[in-house]
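The values are calculated or read from the model by the stated rules, or taken from the named source; none is laboratory data. Since the model is a prediction, treat every value here as computed from it, not as a measurement. Cβ placement follows ideal geometry from the backbone for every residue including glycine, while neighbour counts extend to all protein chains displayed. Keep in mind that these areas ignore ligands, DNA and RNA; they rest on the heavy atoms of the full protein, side chains included. Shrake-Rupley method; radii C 1.70, N 1.55, O 1.52, S 1.80 Å.
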Amino acid sequence: MKPQRILIVGAGHVGLYAALRLSRKLKRGEAEVMVVDPQPHMTYQPFLPEAAAGNISPRHSVVPLRRELKHCTVLAGSVTRVEHARKVATVQPIIGPAREVGYDHIIVAPGSVSRTLPIPGLAEHAVGFKTIGEAIYLRNHVLERLDIAATTTDRATRATALTFVFVGGGYAGIEALAEMEDMARDALRYYPELSTDDMHWVLVEATQRVLPEVSPDMGAYTVEQLRTRNLDIRLGTRLESCVDRKVVLSDGDSFTADTIVWTAGVKAHPMLDATDLPRDARARVTCLPTLQVVDPSGAVVEGAWSAGDCSAVPDLTAAQPGTMCSPSAQHAVRQAKTMADNIVAVLRGRPVKNYAHKYAGSVASLGLHKGVAQVYGIKLKGLPAWFMHRTYHLSRIPSVNRKVRVTIDWTLALFLKREVVPLGQLHDPLAPFTEATKS
Ligand SMILES: Cc1cc2nc3c(=O)[nH]c(=O)nc-3n(C[C@H](O)[C@H](O)[C@H](O)COP(=O)(O)OP(=O)(O)OC[C@H]3O[C@@H](n4cnc5c(N)ncnc54)[C@H](O)[C@@H]3O)c2cc1C
């Protein structure tokens, strides 16, 4: 029998784990697995704040696809169209003409993108915090602001350089804010011209609480912790505009800021618009608890599977029926495993199983030796929470190779202190040579 063709769209948390599981479970000649992603690596997003803060090398918070997926075909490109009716996907390589790829089973897992609002100035002046590129950029940008502030003689330039605004108080926003502030505070030891009181770190959150993934008292503890570090936490406040970097808030305050980071939630990846797969009101691919795609009549869309941030998967452990799994790595990697097992089951004519995982809770780092965690009802604060955050994510990042590298990074930082040098030139590497060609 001809091997079945399994196409995986996106090699993130879902795609990589599904590919690894399929490679392990499939017998030789049973199926071939193709993985398409524009990036040559999976990004372990929970490590982005630590990578931005310089505790982990950015290269170690990503997992190289070709190294890990030796039994799969890796295509470097984007899937730009899926015609499931024909079982054909269009792949746009990084350069060159698009090509059509046929499949028998497709795993649709392109994840999510930042959910933005039509706020004046946002597109021009804000940066997201979802990719390794954004994390590196932010690190260099923030450290460069310290140099600008330390050197300028203009008070306004200095104040603008030292004002950092983060919008959105979920785990991405809180961890990014807390880690970056911790890094900048650490870096100030090399800047005698500056003091911590010169910096203005602001969190803008529309609701009355942060970290909705943990209980309200743990959210309140986090706010308290950040406020004792002199961070300006504005709850029940919205960003109204940031034209020309002038930040205007709904509480009537306004100031200029060189750094505006948008971490106010995610939405299903827009590439799904170019598919003929059924979706819900929030544009997510509709799934059964088996991770099979389901149409509005309740019929299984044969050969189509989805999971992770781009999908609506019923949460069978929720008290309220109709609740969907939240967009999290915790669900994504577990769904990937159930889905891979179910694909193998279908290939072998066996019954499929439902995905059911009770959300275990969250761990968040608030800078070196500081954290908050609530896992299986156990609440931890400060150093124990931070330690749990590190051990949990170390256990989760794929491959022994990455685990060793990350552990070495942490150990080196312990003894040698973290690197706080900006490499802003990385963002415009051609400029010096272009300049040289003019002289
Ligand atoms: C800063 C940050 C911190 C986080 N911390 C936590 C945490 O502590 N705990 C937790 O549970 N969750 C956390 N999350 C959320 C978690 O990372 C996501 O829920 C998870 O990554 C979703 O997995 P996914 O596979 O659906 O998407 P991703 O992991 O985002 O993977 C999607 C992949 O699809 C690729 N892709 C996109 N478009 C295409 C295309 N057209 N064709 C082919 N490939 C495409 C992308 O390049 C990417 O590799 C965090 C997220 C962020 C941003």
Here, R189 and L394, labelled 7 Å along Cα→Cβ, have an inter-label distance in nm of 2.2
Rounded to the nearest 10, the angle in degrees between the Cα long axis of helix 382-396 and the longest principal axis of the Cα atoms of the chain comes to 30
Gyration tensor on Cα atoms of the range 174-247, a ≥ b ≥ c root eigenvalues, a/c under 1.5 rounded, else prolate if a/b beats b/c, else oblate, says oblate
With every protein chain kept in place and a 1.4 Å probe, the residues R24, R81 fall, from largest accessible area down, as R24, R81
Comparing E419, E205, E181 in a Gaussian network model of the chain (Cα, 10 Å), the one with the largest mean-square fluctuation is E419
Placing each pseudo-label 7 Å from Cα in the direction of the beta carbon, F387 and I148 end up separated by a distance in nanometres of 4.0
Quick calc: nm separation of the 7 Å Cα→Cβ label points for T73 and A299 -> 3.0
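Hey, if we sort R86, R396 by accessible area with the 1.4 Å probe, largest down, what's the order?
On the way: R86 125, R396 75 Å².
Largest to smallest exposure gives the sequence R86, R396.
When only the heavy atoms of the protein chains count and the probe is 1.4 Å, how do F166, F433 rank by accessible area, highest first? Intermediate results must be reported in sequence, preceding the final value.
Values: F166 0, F433 150 Å².
So, going from the largest accessible area down, we get F433, F166.
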With every protein chain in place, the accessible area of H105 for a 1.4 Å probe, in Å² rounded to the nearest 10, comes to 10
When the chain is treated as a Gaussian network with springs between alpha carbons less than 10 Å apart, the largest mean-square fluctuation among L211, L249, L177 is found at L249
With every protein chain in place, the accessible area of E302 for a 1.4 Å probe, in Å² rounded to the nearest 10, comes to 120
accessible surface per residue for the chain, probe 1.4 Å, DNA/RNA/ligands not counted, whole Å² -> 46
Counting only protein heavy atoms with a 1.4 Å probe and every protein chain in place, the carbon and sulfur fraction of the accessible surface of the chain in whole percent equals 56
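Trypsin sites (Lys or Arg not before Pro), restricted to the range 259-368: which are DSSP loop and have at most 14 other Cβ atoms within 10 Å? Numbers along the way, then the final one.
Numbers: sites: K267, R279, R282, R284, R334, K337, R348, K353, K358; in loops: R282, R284, R348, K353, K358.
For trypsin sites (Lys or Arg not before Pro) across the range 259-368 that sit outside H, G, I, E and B with at most 14 neighbouring Cβ atoms in 10 Å, the list reads R282, R348, K353, K358.
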In terms of the alpha carbon gyration tensor, root eigenvalues a ≥ b ≥ c, rounded if a/c is under 1.5 and otherwise prolate when a/b exceeds b/c or oblate, the range 1-134 is oblate
Extend 7 Å from the Cα of T157 along its Cα-to-C-beta direction; within the range 247-268, residues with backbone N under 17 Å of that point are 256-259
Any lysines whose Cα falls less than 19 Å from that of K337, other than same-chain ones fewer than 8 residues away, would be K25, K27, K70, K353, K358
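Can you figure out the FRET efficiency of R229 with V375, using R₀ = 35 Å and their beta-carbon distance, to the nearest 0.05?
Details: r = 24 Å, r/R0 = 0.69.
Once the sixth-power term is evaluated, E becomes 0.90.
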Counting only protein heavy atoms and leaving out ligands, DNA and RNA, the solvent-accessible surface of E435 at a 1.4 Å probe, in Å² to the nearest 10, equals 110
Per the C-alpha gyration tensor (a ≥ b ≥ c, the square roots of its eigenvalues), the range 108-249 is rounded if a/c is under 1.5, else prolate if a/b beats b/c, else oblate; here it's prolate
Taking a straight Cα-to-Cα line shorter than 30 Å from K246, and setting aside same-chain lysines fewer than 8 residues away, one finds K130, K267
Highest GNM mean-square fluctuation among V223, V404, V247, for the chain with Cα springs under 10 Å, belongs to V404
